[in-house]
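To start, the structure under review is shown below, and the notes come after it.
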Amino acid sequence: MRALVGFCAIGMLVAAASAQAESSSTYPDRPVRLIVAFVPGGATDTLARQISNDLKEALGQSIVVENRPGAGGYIAWNHVATSDPDGYTLLLAENALAISQALYKKSKSNFDPVTQYDAVTGIAVSPSALIVANTLPAKSVAELLTHARQVPQKLNFASAGIGSVSHLNFEVFKDRTGMEAVHVPYKGGGQAIQDVVAGHVPMTISSVQATKGVVESGQVRALAVTGATRSPAMPDVPTMQEAGVPPVDVELRFWFAIFGPKGLPEPVKAKLARAVANVMGDAAVQARLAKLDIIPDVVAGAALQTKLESEIRNWTRFIDAKGIKAE
């Protein structure tokens, strides 16, 4: 009887492994959902929609971009972490994934991307821009700092949410310049930018690709960008260092990458990584993204995992040293 039970168990394991192998070999045979943790119009959403059709061509199946904003990204992140690891629910993530871990220290829903995700591939990097409403009299960083010291109340700044890239970028800006300002979090960069355009909030730091249109149309002013060099998409806008802001030892550019639930089959991860590499290596795609200053930066899964862990450590040091708290 024990032998029979053992043979049955082995048979079930073999059958399961065979089924997974067959499923992986036909992947994808239905649309793939690409989850974005913030509302439409922000940095990550912009990139997702820029490359979704290209990924469709590379994979042979539709890529459905699905926005799941809320709780500073945790609604989307937990959704992906608890999805089936079959490659049909993926996360297009950005630095906020690491920043939030440093800020909340795993206290929020016990979520941990290091242990709950498989790193699939890095995709791209992109700088951010400090933009201000036209109602502000400042036309440079120096003028902004002078204005902030002269007004009776602290200025507000908008962000894509607590723990977002735009939130911590502005915390860095405050730390390096001595500026005092009050944080107003939104559910994504798109909402934050629109309220700066409307004059409801005087300033934000958000991605170049998300702010380029409103800067070019004159709806807001860009005072500086976070890259080491000027952005080709905003060539007349100085870098933070050119504007007199001292550098800091944390990554202020956006980085974008694909993660999936822990346990993704290796053939699925390999197929996704090849598809992303082909898309980001295409000259036409590169030319299109260059107009938004999105720079291809394809990173292998193992290196991406190391990058995530390093980013969590670096942001933890900065957040702890400056006493930054989740509001």
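Quick notes
- Accessible heavy-atom area order of GLU251, GLU143, highest first, probe of 1.4 Å: GLU143, GLU251
- The alpha-carbon of LYS269 sits under 13 angstrom from the alpha-carbons of these aspartates and glutamates, leaving out residues fewer than 8 places away in its chain: ASP86, ASP118.
- With helices as the sole contributors, the chain gives -14000 deg cm²/dmol at 222 nm; each DSSP H run of n ≥ 4 counts as -39500 (n - 2.57), and the sum is divided by every residue.
- Area of ARG313 that stays accessible when all protein chains are in place (1.4 Å probe, Å², to 10): 130
- With every protein chain in place, the chain: carbon and sulfur % of accessible area (1.4 Å): 54
- Order by protection proxy (mean Cβ within 10 Å, highest first), peptides 120-126, 74-80, 187-193: 187-193, 120-126, 74-80
- A straight line joining the Cα centroids of the stretch 190-226 and the stretch 28-54 runs 22 Å.
- For a straight C-alpha distance cut-off of 21 angstrom, the lysines reachable from LYS262 (same-chain residues fewer than eight places away being disregarded) are LYS105, LYS106, LYS108, LYS271, LYS307.
- When the Gaussian network model of the chain links Cα atoms closer than 10 Å, the mean-square fluctuations of ASP86, ASP282, ASP54 top out at ASP282.
- Probe 1.4 Å, protein heavy atoms only - accessible area per residue of the stretch 34-83 in square angstrom: 35
- Å² of accessible area per residue within the stretch 187-260, as computed with a 1.4 Å probe and no ligands counted: 38
- Å² per residue, accessible surface of the stretch 114-157 at 1.4 Å: 42
- Using a probe of 1.4 Å on the protein chains alone, the accessible area found for ASP320 is around 90 Å².
The values are calculated or read from the model by the stated rules, or taken from the named source; none is laboratory data. Bear in mind the structure is a predicted one, so any value in this text is a computation, not a measurement. Cβ coordinates were reconstructed from backbone atoms using ideal geometry, including for glycine residues, and neighbour counts include every protein chain displayed. With ligands, DNA and RNA removed, areas are computed over all heavy atoms of the protein, side chains included. Shrake-Rupley method; radii C 1.70, N 1.55, O 1.52, S 1.80 Å.
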